[in-house]
Amino acid sequence: MSQAVITGTQIRARRAGFLRDVVTVAIRALKGIPRDPEAIYPALLIPVFFYAINIGALQDVAERIPGIDYKAFQLPVGIIFAVTGVSRAVTMVTDIQTGYFDRLSLTPVHRLSLLLGFTVADFVLVVALTIPVVLMGFIVGVRFESGVIGLLLFVLLSGLWGLAYTGFPYAVAFKTGNPAAVNSTFLLFFPFVFLTTVFMPREAMTGWLATITIFNPVTYLLEALRSLITVGWDIEALLKGIAAIIVIGALSGTLALMTLRGRTRRK
């Protein structure tokens, strides 16, 4: 991340460059993934479990609604369960607890790269996690009306959502340095997912739950992903889904940057 430069009798470190710092941190984070399989298996098992349970329990009831294919309807739900909250933030906590983060903070490495490098690794990871879930959908007969390009956009939007959410666990990691606290950040997601169109479309909802779904960003993410499967190219739905990702990403990213700045200032 830095190089030694000899000036007269002094030896000082020279910056290696912001991009190189990000790549170096990202490669290290990616190399650590195979050594931490317990963080990956739940991200695959949980969506498979919910996908199978929801279809088995609700498909006959849900498909009484005209025009709904419940297997296609539930696939985005499995995807967001797979990618939400998956991050290398626990590794960041380990670096904080062992003093490695402090040592990095004393070098000329760009402070922002300490966060961005990890998020680059997270993006690669969450995109990889979407592939088994999409294959599961293909196995049970789900097909994309938007074609191959729509499938690629589906994976990209899913990865961007996973990336947008990672700011929350990193904010907790920088603030607390506690792995248990970081793992609990996934619980923040449950109100988002269960107070939205996870089981039924908005048209079938009534009362206070129907009202809440209007203000829930996950509603628009799910509708954007579903549109790529069942409709084709619904530009309005896609734009709303992208806007939801931007809103959550801006919020979580701001929190992560503020806590990163707070931790590095202590050094």
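The values are calculated or read from the model by the stated rules, or taken from the named source; none is laboratory data. Not measured: the values here are computed from a predicted model. Neighbour counts run over all protein chains shown; Cβ positions are idealised from the backbone, glycine included.
Side notes on the structure shown:
- Filter result for T230 (more than 21 Å from F189 (Cα to Cα) and at pLDDT below 95): yes
- Helices (runs of 4 or more DSSP H) lying entirely in region 34-111 (those with 1 or more residues that are surrounded by fewer than 13 Cβ atoms within 10 Å (Cβ to Cβ)): 41-62, 89-98, 100-105
- The set of residues from region 187-234 being surrounded by fewer than 13 Cβ atoms within 10 Å (Cβ to Cβ), within 23 Å of the chain's Cα centre (by Cα) and not aromatic (F, W, Y) comprises L187, P191, I214.
- Unique match (being without any contact (Cβ under 8 Å) to a residue 12 or more places away in the chain and among the polar types (S, T, N, Q)) among T211, T107, T119, T196: T211
- Filter result for the condition that a residue is under 23 Å from L44 (Cα atoms), at pLDDT 90 or above and touching a Pro at 6+ places or on another chain (Cβ under 9 Å), over F154, F168: F154
- Scanning region 133-151 for residues that are under 20 Å from I46 (Cβ atoms) and free of Cβ contacts under 8 Å to residues at least 12 places away in the same chain gives L135, F138, I139.
- Filter result for A250 (in contact with a helix residue (DSSP H, G or I) (Cβ under 7 Å, 6 or more places away or on another chain), small (G, A, S) and in a helix (DSSP H, G or I)): no
- Here F168 fits the description: out of contact with any Cys (no Cβ under 6 Å at 6 or more places or on another chain) and surrounded by 19 or more Cβ atoms within 10 Å (Cβ to Cβ).
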